[in-house]
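Asker: A single structure is presented below for examination.
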Amino acid sequence: MIRTIVQQIKLFSTPGKEFYLFLKSLFGFPPSNLQLYETAVIHRSASKLDSQKNWVNNERLEYLGDAILGAVIAEFLNNRFPNQDEGFLTQMRSKLVNRSFLTELTYQTGLNNYIKSNTNNTLENSHIYGDALEAIIGALYLDKGYQVTRQFITKKLLLRYVDLRAIQFINTNYKSQLIEWSQKNKKEIN
């Protein structure tokens with residue numbers, strides 16, 4: 001307890017104060033291990049060396065966050081749509097973990113203001129923000145555990161920023177659309 005208080009006092013005298021307060025506002029509770037979250041917003045192009053000469057960036061946290069996000073969304077959709085088949089649930093999950101959708105969530109939450117990147121490639125930038133959101137989810141999982149992370153994803157992201165009714169009618173599977181069109185119009189696709 002005293003250690004946590006000392007860490008918070010030190011934090012307010014460091015440049016990480018603004019980021020800490022942002023995370024506290026985003027999550028609804030204070031983060032315990034700020035270093036995890038600071039790593040989560042470092043894109044590979046802005047990697048830095050740590051004291052052991054290892055490159056530090058968000059790729060491992062992104063990997064972990066992607067898995068956690070997929071599991072939480074699968075459970076959320078399974079509970080939310082008990083009468084839908086697995087095809088519907090898979091399409092909905094795919095729309096919610098889509099890179100452009102995650103990028104949009106990054107902007108809606110304000111996380112985009114804290115991402116560190118040294119790239120000017122706009123195509124690559126389209127992935128940087130969504131990847132950072134997944135990395136933040138991975139950091140939260142390591143910092144607070146699965147249940148807290150699950151609550152954050154469902155209550156602070158899905159229920160606050162996602163219109164499931166609108167998402168149901170968005171069709172981003174262009175390959176499937178093309179196949180359906182060709183079958184309907186008796187056209188062959190080469």
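The values are calculated or read from the model by the stated rules, or taken from the named source; none is laboratory data. Predicted model only: the values in this text are computed from it and were never measured. When we count neighbours, we look across all protein chains shown, and the Cβ atoms used for this are built from the backbone with ideal geometry, even at glycine. What goes into the accessible areas is simple: the full protein's heavy atoms, side chains included, and nothing from ligands, DNA or RNA. Shrake-Rupley method; radii C 1.70, N 1.55, O 1.52, S 1.80 Å.
Asker: Find the centroid of the Cα atoms in region 20-50 and in region 130-145, then give the distance between the two in whole Å.
Answerer: One Cα centre to the other: 9 Å.
Asker: Right, here's the next one. Please provide three numbers in whole Å: the alpha-carbon extents of region 43-84 along the principal axes, with the largest listed first.
Answerer: 52, 18, 8
Asker: From largest accessible area down, sort Tyr63, Tyr146, Tyr20, Tyr107; use a 1.4 Å probe on the protein chains.
Answerer: Descending accessible area places them as Tyr63, Tyr107, Tyr146, Tyr20.
Asker: While we're on this one: I need to check one value: relative contact order of region 23-86, counting alpha carbon pairs closer than 8 Å and at least 6 residues apart, in percent.
Answerer: Relative contact order of region 23-86: 19 percent.
Asker: In what order, largest first, do Val72, Val97 sit by accessible area if the probe radius is 1.4 Å?
Answerer: Val97, Val72
Asker: Still on this model: Rounded to the nearest 0.05, what FRET efficiency do Arg44 and Val148 have when you use their Cβ-Cβ distance and R0 = 30 Å?
Answerer: Here the calculated transfer efficiency is 0.65.
Asker: With the Cα gyration tensor of region 32-190 giving a ≥ b ≥ c as the square roots of its eigenvalues, does the rule (a/c under 1.5 for rounded; else a/b larger than b/c for prolate; else oblate) give rounded, prolate or oblate?
Answerer: It comes out oblate by the Cα gyration axes.
Asker: Rounded to a whole number, what % of the accessible area of region 51-150 do carbon and sulfur atoms account for, probe 1.4 Å?
Answerer: 46
Asker: For region 87-150, what is the accessible area per residue in Å² when the probe is 1.4 Å?
Answerer: 47
Asker: Can I get the semi-axes of region 27-99's equivalent ellipsoid? Compute them from the C-alpha gyration tensor as square roots of 5 times the eigenvalues, in angstrom, largest first.
Answerer: Semi-axes, largest first: 33, 15, 8 Å.
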